[in-house]
Amino acid sequence: MNSADLGRRVGVPSTALFTDQYELTMVQAALKAGTAGRHSVFEAFTRRLPEGRRYGVVAGTGRVLDAVENFHFDDEMIGFLRQQQIVDEPTLEWLAGYRFSGDIWGYPEGEVYFPGSPILRVEGSFAECVLLETVILSILNHDSAIAAAASRMSAAAGGRRLIEMGARRTHELSAVASARAAYVGGFDATSDLAAGFRYGIPTVGTSAHAFTLLHDTERDAFRAQVDSLGRGTTLLVDTYDVTEAVRAAVEIAGPELGAVRIDSGDLLLVAHRVRQQLDEVGATGTKIVVTSDLDEYAIASLAAAPVDAYGVGTQLVTGSGHPTCSMVYKLVARAGAADAGADAPLVPVAKKSMGAKSSVGGRKWAARRVDEDGVAEAEVIGTGAVPEGLAGRELLVELVRGGEVVAREPLEAARERHVGARAGLPMSAMQLSRGEPVIGTEYV
């Protein structure tokens with residue numbers, strides 16, 4: 001059973017109230033005006049990347065598909081809306097029968113994106129599309145922020161194992177979503193069992209300092225853990241004296257000890273000392289895992305250390321300083337008349353605000369232009385025909401057709417896609433120093 005099947009097996013409750021009230025009041029007003037059914041195109045995009053970031057990572061697409069599929073109003077929800085007088089009776093009647101019946105195209109999960117990239121395109125009647133704004137943005141903004149942080153950490157780790165362990169640092173539901181997004185961005189495992197159950201992500205975990213403190217001596221704690229979990233377990237060695245702990249760990253578990261974990265101190269210095277000590281007593285195969293408020297910069301600083309794996313919590317689940325991607329969901333095109341059919345020509349529309357909040361109208365395509373070596377050099381976005389040189393390099397794929405999801409895939413596919421997408425960027429994308437997007441956005 002793949003991870004997509006696991007997600008469906010767990011089931012997702014109705015997402016209809018994961019929305020802002022003004023989505024519903026707009027529907028009410030549009031229904032009364034006769035414009036609710038006007039064919040419309042919405043796009044999710046960001047006007048800029050978080051400060052200093054070179055690229056973004058699309059994550060949460062699979063969760064968006066679940067949310068759209070499960071967006072419906074049951075009797076209890078309708079009763080709540082009626083009691084609170086959120087909308088009138090004709091609107092409640094319309095909501096009671098709501099199911100999204102339109103089309104969705106978007107960047108596939110794991111792909112990278114840049115300012116202006118039409119990450120998701122939602123098309124159908126105005127009313128059915130506008131209702132999805134809040135839940136789509138809440139998922140994409142959160143998951144893409146976590147995946148971008150994870151991607152930077154993965155690049156800094158240089159192939160060393162990464163473990164997501166931030167469940168105690170965020171909301172319990174956000175923890176599950178964060179583990180999923182981190183896996184897309186390059187992490188190898190999670191400590192969160194709900195994420196493992198729902199999405200099939202590998203889970204890991206052994207013991208905390210509390211387990212050592214529970215026992216009369218550190219040796220007693222190590223012996224209890226090894227007796228229960230085997231010699232391949234990971235022993236936490238910084239509760240008291242690290243040198244003494246490593247000595248006791250190897251004496252009890254033998255050179256077959258799986259790993260030791262270091263959670264405090266000067267990790268660079270301590271890791272070198274522990275590696276030397278392990279090698280001297282013959283535990284050359286015992287790995288070293290480090291934790292302790294790591295981020296991509298701390299991981300990069302440990303590149304020369306004999307570290308085999310990193311456990312990351314707080315900084316990962318908060319987007320390493322950027323917990324959102326500032327994505328927006330805007331109407332970019334609509335039918336010229338309220339009673340025009342879905343095949344009628346579309347009129348581009350766009351917000352013309354002063355400053356940085358303007359947008360570009362029209363139903364868009366996107367393609368990534370590459371140089372002769374296959375390295376990306378521009379994100380090209382247009383509303384007309386795709387230029388001949390970019391044909392076959394379009395980025396948007398069909399996700400929902402006529403209200404039916406057509407693009408479910410295992411989470412592994414998104415994870416593997418991200419590896420390829422990141423590899424196709426200029427090498428400067430991997431730099432942690434602040435800078436502009438690694439490629440520019442061109443409108444044609």
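The values are calculated or read from the model by the stated rules, or taken from the named source; none is laboratory data. Computed from a predicted structure; not experimentally measured. Quick reminder, even Gly has a Cβ in these numbers, built from the backbone with ideal geometry, and neighbours come from all protein chains shown. Please note that ligands, DNA and RNA were not included when accessible areas were found on the heavy atoms of the full protein model with its side chains. Shrake-Rupley method; radii C 1.70, N 1.55, O 1.52, S 1.80 Å.
Before moving on, here are some points about what is shown:
- Matching option when the condition is among the acidic types (Asp, Glu), farther than 25 Å from PHE197 by Cβ and at pLDDT 95 or above, among GLU164, GLU128, GLU172: GLU128
- Of the residues making up the stretch 65-102, those that are touching a Gly at 6+ places or on another chain (Cβ under 7 Å) and either open to solvent by 30 Å² or more (accessible area, probe 1.4 Å) or not in a loop (DSSP other than H, G, I, E, B) (or both) are ASP66, ARG99, SER101.
- Taken residue by residue, the stretch 306-324 has no member that is among the aliphatic types (A, V, I, L, M) and farther than 30 Å from SER433 by Cβ.
- Looking across the stretch 264-284, just one residue is within 11 Å of VAL246 (Cα to Cα), open to solvent by 50 Å² or more (accessible area, probe 1.4 Å) and not in a helix (DSSP H, G or I), and that is VAL281.
- Condition met for GLU372 (in a strand (DSSP E or B) and loosely packed, with under 14 Cβ neighbours inside 10 Å): no
- Residues of the stretch 385-400 that are without any contact (Cβ under 8 Å) to a residue 60 or more places away in the chain and not aliphatic (A, V, I, L, M): PRO387, GLU388, GLY389, GLY392, ARG393, GLU394.
- Each residue in the stretch 196-214 was checked for being more than 17 Å from THR234 (Cβ to Cβ) and open to solvent by less than 60 Å² (accessible area, probe 1.4 Å), and 4 of them qualify.
- Filtered residue count, the stretch 399-444, keeping only those that are within 26 Å of ALA177 (Cα to Cα), open to solvent by less than 80 Å² (accessible area, probe 1.4 Å) and assigned to a strand (DSSP E or B): 3
- First in the stretch 401-417 and closer than 13 Å to TRP105 by Cα, second anywhere and open to solvent by 50 Å² or more (accessible area, probe 1.4 Å) and assigned to a helix (DSSP H, G or I), Cβ under 7 Å, 6 or more apart: VAL405/GLU69
- Among (1) open to solvent by less than 10 Å² (accessible area, probe 1.4 Å); (2) within 27 Å of the chain's Cα centre (by Cα), the one test that GLY62 misses: (1)
- Scope the stretch 139-174; condition crowded, with 21+ Cβ neighbours inside 10 Å, in a helix (DSSP H, G or I) and touching an Asp or Glu at 6+ places or on another chain (Cβ under 8 Å); matching residues: ALA149, ALA150, ARG152, MET153, ALA156, ALA167
- Applying the criterion of being among the β-branched types (Val, Ile, Thr) and touching a residue at least 60 places away in the same chain (Cβ under 8 Å) to the residues of the stretch 309-368, the residue that is farthest from LEU49 (Cα to Cα) is VAL312.
- CYS325 fulfils the conditions (1) open to solvent by less than 30 Å² (accessible area, probe 1.4 Å); (2) assigned to a loop (DSSP other than H, G, I, E, B); (3) touching a Ser or Thr at 6+ places or on another chain (Cβ under 9 Å); (4) more than 30 Å from TYR113 (Cβ to Cβ) except for a single criterion, (4).
- So SER301, is it surrounded by fewer than 16 Cβ atoms within 10 Å (Cβ to Cβ) and among the polar types (S, T, N, Q): yes
- Answer residue from the stretch 385-398, given it is open to solvent by less than 40 Å² (accessible area, probe 1.4 Å) and in a loop (DSSP other than H, G, I, E, B) and is nearest to GLU43 (Cα to Cα) among those: LEU396
- Test for GLY200: is it under 30 Å from GLU109 (Cβ atoms) and either touching a residue at least 12 places away in the same chain (Cβ under 8 Å) or out of contact with any strand residue (DSSP E or B) (no Cβ under 6 Å at 6 or more places or on another chain) (or both): yes
- Sole residue being under 11 Å from PRO118 (Cα atoms) and part of a strand (DSSP E or B), chosen from ALA378, ALA366: ALA366
- Residues that are in contact with a Ser or Thr (Cβ under 9 Å, 6 or more places away or on another chain) and crowded, with 23+ Cβ neighbours inside 10 Å within the stretch 112-125 comprise VAL112, TYR113, PHE114, SER117, ILE119, LEU120, VAL122, GLY124, listed in sequence order.
- Looking only at residues of the stretch 14-33 that are of a type outside the set (D, E, K, R) and part of a loop (DSSP other than H, G, I, E, B), we find that the one that is most open to solvent (accessible area, probe 1.4 Å) is PHE18.
- Entirely in the stretch 206-256, the helices (runs of 4 or more DSSP H) that have 2 or more residues that are among the polar types (S, T, N, Q) and either within 18 Å of LYS287 (Cβ to Cβ) or at pLDDT 95 or above (or both): 218-229
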